[in-house]
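Just so it is clear, none of the values below were taken in a lab; they were calculated from the coordinates. Because the structure is predicted, anything quoted here is derived from the model rather than measured. Ideal geometry is used to build each Cβ from the backbone, glycine not excepted, and the neighbour counts take in all protein chains shown.
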Amino acid sequence: MKIYKYFSEYFSGAPNFTCEICGKRYKHQPSLSRHKNYECQKTAVFGCDLNFTCATCGKKYKHSRSLRKHERFECQKEPQFSCIYCPYKAKLRGNLRKHIMVKHREQWTSGAAKIYVEKYKKNNHQSSGSISDVKSENECE
């Protein structure tokens, strides 16, 4: 019977667990425990140090590699990767890949994927059929 009570309280959906110190309410006991151990009346322990700043636009990054990527592909640059299904353009190849998978999954999984890869192989001197190997038009020049 103890297990039933635990699970019925844990999965009830209503905030049944209240912090006696600050009054904040939680749906689950582990959330209240985490709050008491790490948050309640404590200074922030898990800070995000943004030590790397773009000299051009002022955007801040935690890692130097993120700043380098921003400076190389994003900061004051026009999008260089275009969707073949709609007018969407992306500054990063990964963002275009995500866009296609989310917005055009049905078209991509049909035969259109092969046409897409063949088009870029022809235009960008590619020998591989992988979308990750697709180069932008500016990379060949």
Under a Cβ-Cβ cut-off of 9 Å, what is the net charge of the residues other than Glu78 that fall near it, where Lys and Arg count +1 and Asp and Glu count -1? +3
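Can you work out the FRET efficiency for the pair Lys42 and Lys69, with r the C-beta to C-beta distance and R0 = 35 Å, to the nearest 0.05? Could the numbers behind the result be given before it?
Working: r = 34 Å, r/R0 = 0.98.
Computed FRET efficiency for Lys42 and Lys69: 0.55.
Going down the list Lys27/Lys103; Lys69/Lys103; Lys27/Lys89; Lys24/Lys98; Lys59/Lys103; Lys62/Lys89, which pairs span over 31 Å between their C-alpha atoms?
On the way: Lys27/Lys103 35 Å; Lys69/Lys103 25 Å; Lys27/Lys89 42 Å; Lys24/Lys98 38 Å; Lys59/Lys103 29 Å; Lys62/Lys89 26 Å.
Cα-Cα > 31 Å for Lys27/Lys103; Lys27/Lys89; Lys24/Lys98; rest within.
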So what are the ³J(HN,Hα) numbers for the stretch 81-89, from phi and the Karplus equation (6.51, -1.76, 1.60; θ = phi - 60°), rounded to whole Hz, Gly and Pro as x? 10, 10, 6, 7, 9, 8, x, 4, 10
